[in-house]
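Enquirer: Before I ask anything, here is the structure I am working with.
The values are calculated or read from the model by the stated rules, or taken from the named source; none is laboratory data. This structure is a prediction, so every number in the text was calculated from the model and none was measured. Cβ placement follows ideal geometry from the backbone for every residue including glycine, while neighbour counts extend to all protein chains displayed. These accessible areas exclude ligands, DNA and RNA; they are computed on the full protein's heavy atoms, side chains included. Shrake-Rupley method; radii C 1.70, N 1.55, O 1.52, S 1.80 Å.
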Amino acid sequence: MNARLVTAYVPIPGHPRSAQEYGALGEKLGGVPVRKKCFYNTPNQLWLTKYVAKLPFKPSISRGDNPAKNTLLYHAVNHQKSTWLVEAAKAYPDADWLCWVDYGVFHQEGINNQVIYEMFEKLEKTPNDKIYAPGCWDKPLAVEASYPCWRFCGSVIAVPRKLVDAFDYGCRVAARKHISSTKNIEFEVNTYARVEHTGKLPFHIYRADHNATLFTEFPDAVQ
């Protein structure tokens with residue numbers, strides 16, 4: 001099977017990590033010897049940015065323990081991940097897998113070319129019938145909006161071509177529903193957990209953390 005690494009960069013004014021730092025991290029990711037697609041967008045091109053601009057109210061922002069980082073625009077960028085997977089699937093009709101990897105993933109401990117390359121080797125041997133994602137937690141009974149729900153790590157998520165549209169649709173519906181009912185914008189990992197709770201999509205969560213285990217713990221092919 002053919003797997004495509006998908007990533008993106010959107011400049012966020014005032015973000016704690018500078019554009020220069022992101023550029024250096026992006027260069028490292030660019031050096032990984034796998035098929036890739038990188039999107040470069042501006043804030044006004046993101047679906048969540050457009051959606052919020054049309055709301056008749058000003059929503060609150062879930063900031064967790066890092067309010068300098070967790071801004072409206074940061075949430076909008078992260079909620080765009082599923083849409084970038086859809087766009088990559090359209091651009092590469094031969095890709096059986098579209099695997100999101102954060103542009104700045106190399107800032108996490110132990111990440112190197114080899115662990116990413118070996119994960120993609122496994123991915124290309126994996127039946128494309130489930131969404132694979134690293135996660136820190138067991139499936140929670142409920143999702144608390146104020147802090148990230150680490151059922152999903154967020155940095156990596158591999159989606160089969162045949163499920164990318166349904167995953168993106170589920171994420172958009174869950175995010176809009178939460179904003180409409182609570183007047184709050186939360187973390188994309190919380191949205192993923194809400195999508196999982198619907199039971200409409202097949203997820204395989206493997207235990208990992210925000211380090212090299214994002215890649216090294218990807219399971220061997222499940223027949």
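Enquirer: Rounded if a/c is under 1.5, else prolate if a/b is larger than b/c, else oblate: which is the range 15-58, with a ≥ b ≥ c the root eigenvalues of its Cα gyration tensor?
Expert: Details: a/c = 4.52, a/b = 2.05, b/c = 2.20.
The shape class here is oblate.
Enquirer: Per DSSP H run of at least 4 residues, take -39500 (n - 2.57); add these up for the chain, divide by its residues and hand me the 222 nm value, nearest 500 deg cm²/dmol.
Expert: Value at 222 nm, helices only, nearest 500: -11500 deg cm²/dmol.
Enquirer: Here's another thing I want to ask about it. Quick check for you: which residues of the range 189-219 have the amide N under 19 Å from the point 7 Å beyond the Cα of Tyr51 toward its beta carbon?
Expert: Only 189-201 pass the distance filter.
Enquirer: Considering only protein heavy atoms and a 1.4 Å probe, what is the carbon-and-sulfur percentage of the accessible area of the chain?
Expert: Heavy-atom surface of the chain belonging to carbon and sulfur, 1.4 Å probe: 52 percent.
Enquirer: Measuring with a 1.4 Å probe in the full set of protein chains, what accessible area per residue, in whole Å², belongs to the chain?
Expert: Normalised by residue count, the accessible surface of the chain is 47 Å².
Enquirer: Return the sequence-ordered ³J(HN,Hα) values of the range 64-74 in whole Hz as given by the Karplus equation 6.51 cos²θ - 1.76 cosθ + 1.60 applied to θ = phi - 60°, using x for Gly and Pro.
Expert: Computed from phi, the couplings for the range 64-74 are x, 9, 9, x, 5, 8, 8, 9, 4, 5, 4 Hz.
Enquirer: Hey, which lysines would be in cross-link range of Lys58, C-alpha to C-alpha under 21 Å, not counting anything within fewer than 8 residues on its own chain?
Expert: Qualifying lysines at Cα under 21 Å: Lys50, Lys69, Lys177, Lys183.
Enquirer: Could I ask something else about it? Where the only charges are on Cβ atoms (+1 Lys, Arg; -1 Asp, Glu), what is the dipole of the range 145-223 about its Cα centre, to the nearest 20 debye?
Expert: 400
Enquirer: Can you spot the aspartates and glutamates whose alpha carbon is less than 16 Å from Lys122's alpha carbon? Ignore those fewer than 8 places along the same chain.
Expert: Of all the aspartates and glutamates, those that pass the test against Lys122 - Cα under 16 Å, at least 8 places apart if same chain - are Asp96, Glu217, Asp220.
Enquirer: Once fully extended, how much extra length lies between Asn2 and Cys38, figured as 0.36 nm per residue of separation less the alpha-carbon to alpha-carbon distance?
Expert: Working: separation 36, 0.36 × 36 = 12.96 nm, distance 1.68 nm.
Length difference between fully extended and current span is 11.3 nm.
Enquirer: Which pairs in the list Lys54/Lys200; Lys162/Lys200; Lys28/Lys125; Lys36/Lys81 are over 19 Å apart, alpha-carbon to alpha-carbon?
Expert: Lys54/Lys200; Lys28/Lys125
Enquirer: Students often check this: by mean Cβ neighbours within 10 Å, which of 155-164, 127-136, 50-59, 110-119 ranks highest, and how do the rest follow?
Expert: 155-164, 127-136, 110-119, 50-59
Enquirer: Amide H to amide H under 5 Å from Leu46: which residues, 5+ apart in sequence or cross-chain, H placed 1.01 Å off N in plane?
Expert: Hits under the 5 Å cutoff: none.
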